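Below is one structure; the comments refer to it alone.
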Amino acid sequence: MMRSILLLSLIGLGCGQAERAPESTEKREVNVYTHRHYDTDKDLFAAFTQKTGIAVNVVQAGDDELLARLEQEGATSPCDILITADAGRLGLAKSRGLLQSATSEVLLASIPAHLRDPDGQWFGLTMRARIVAYDKTKVKPDAITSWADLTGPQWKGKILVRASENVYNQSLLAAMIAHDGPFAARAWADGIVRNMARTPKGNDTDQLLALGEGLGTIAIVNSYYVGKLMASDEAEKQKAKAMIGVAFPTIGAHGVHVNVSGGGIAKHAPHKAEALALLEFLAGEEAQRLFAEGNKEYPVRPGIPMASELQAFGTFTPDSLNLEALARLNPDAVKVFDAADWR
Ligand SMILES: [Fe+2]
């Protein structure tokens, strides 16, 4: 029943022309290629199967590997949905022609417009902010309100941040370029390089641990890493956990840079109706609650509370820039980082 409704809605949207023979009605399944590797996601896929009877087959690998595999498989690819982190990556998959447009009233109503592709090729499913964690014994809560604040001489030798090859930093810089142009972005990158506590190394969690060890007083990280740190019982994390404060720097007057982890329907998806059903499920209330609590990500769906560990740090106004810009301006961001010698 549900399937026929979905198929009808697809035909209604004018994207029902399949190149292959009609699917077998015996086994309903959906093939997911995902970069995400969280227990939360496994639980969600199991819940989806229980609810719909549609089996979820998962291929888990790195971003580059998944994109290369999709490209190599071409029209014979079994992939129905690509799920990955960062709109920059999702946009890259779109620009390589690996995704297709698809949408539904449920997706449009569940996901704010700036967190999904204007052409319906990918949809943000969880939101994260790039934020500052600081040593609250050394930094005042109101010391950092915008990203530009970090370029002042008072922060010399104090900033911990990962390498510029990382897409999270590239997307932050791309958002700055979108709002204020490449020259302002270059001035910011130069300022951060001048103030770095060390040559960039490690991932976001490593920056938080370095903060705990006193190697710097400011760490630039994604919000969910702070949420996970605060929820952690691991001994090695307790020092950092005890001394962290959080600031939500804005890009000038444009709000706080946010990004998504999300999914899109693969160009040659053999099970498009099932893929759309899974995307709708992941944007639904049950899934959004689990993403928020289980993985400390911000729900994209309005009205779902954030994780308790993050509530303590307060709320912020997200930048409403359509995240499609992050992929489009990614090459410019990489150039600025190179020019600034941000390794
Ligand atoms: Fe991450």
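Quick notes on this one:
- Rg/Rh (Cα only; Kirkwood hydrodynamic radius) as it applies to the range 62-150: 1.14
- Between Ser95 and Glu73, the modelled labels are 2.4 nm apart [label points 7 Å from Cα along Cα→Cβ].
- Relative contact order of the chain, taken over Cα pairs closer than 8 Å and 6 or more residues apart, is 29 percent.
- Under Karplus coefficients 6.51, -1.76 and 1.60, residue-wise ³J(HN,Hα) of the range 110-123 in Hz, glycine/proline x: 8, 10, x, 4, 6, 9, 9, 5, x, 8, x, 8, 8, 10
- Under-5 Å amide H pairs with Trp122, H placed in peptide plane, nonlocal only: Asp117
- Over 24 Å (Cα to Cα) - which of Lys156/Lys296; Lys27/Lys51; Lys158/Lys237 fall in this group: Lys156/Lys296
- In nm, spacing of pseudo-spin labels at Ala163 and Asn57 (7 Å Cα→C-beta vector): 3.5
- Value in Å of the Kirkwood radius, where the chain supplies the Cα pairs that are averaged: 20.8
- Evaluating 6.51 cos²θ - 1.76 cosθ + 1.60 at θ = phi - 60° for every residue in the range 215-225, the Karplus couplings come out as 7, x, 10, 9, 10, 9, 8, 7, 4, 5, 5 Hz, glycine and proline recorded as x.
- What the phi angles of the range 46-51 give under the Karplus curve with 6.51, -1.76 and 1.60, with θ = phi - 60°, is a coupling list of 5, 5, 5, 4, 4, 6 Hz, glycine and proline written as x.
- List Arg162, Arg69, ordered by accessible area with a 1.4 Å probe, largest first: Arg69, Arg162
- Mean separation of Cα contacts under 8 Å (6+ apart) over length of the range 138-257, as relative contact order %: 38
- Remark: C-alpha extents of the range 245-343 on the principal axes read 46, 40, 24 Å, sorted largest to smallest.
The values are calculated or read from the model by the stated rules, or taken from the named source; none is laboratory data. No experiment lies behind these values; they were computed from the predicted model shown. Virtual Cβ from ideal backbone geometry, glycine too; neighbours counted across all protein chains shown. Just the protein is used for accessible areas: all its heavy atoms, side chains included, with ligands, DNA and RNA removed. Shrake-Rupley method; radii C 1.70, N 1.55, O 1.52, S 1.80 Å.
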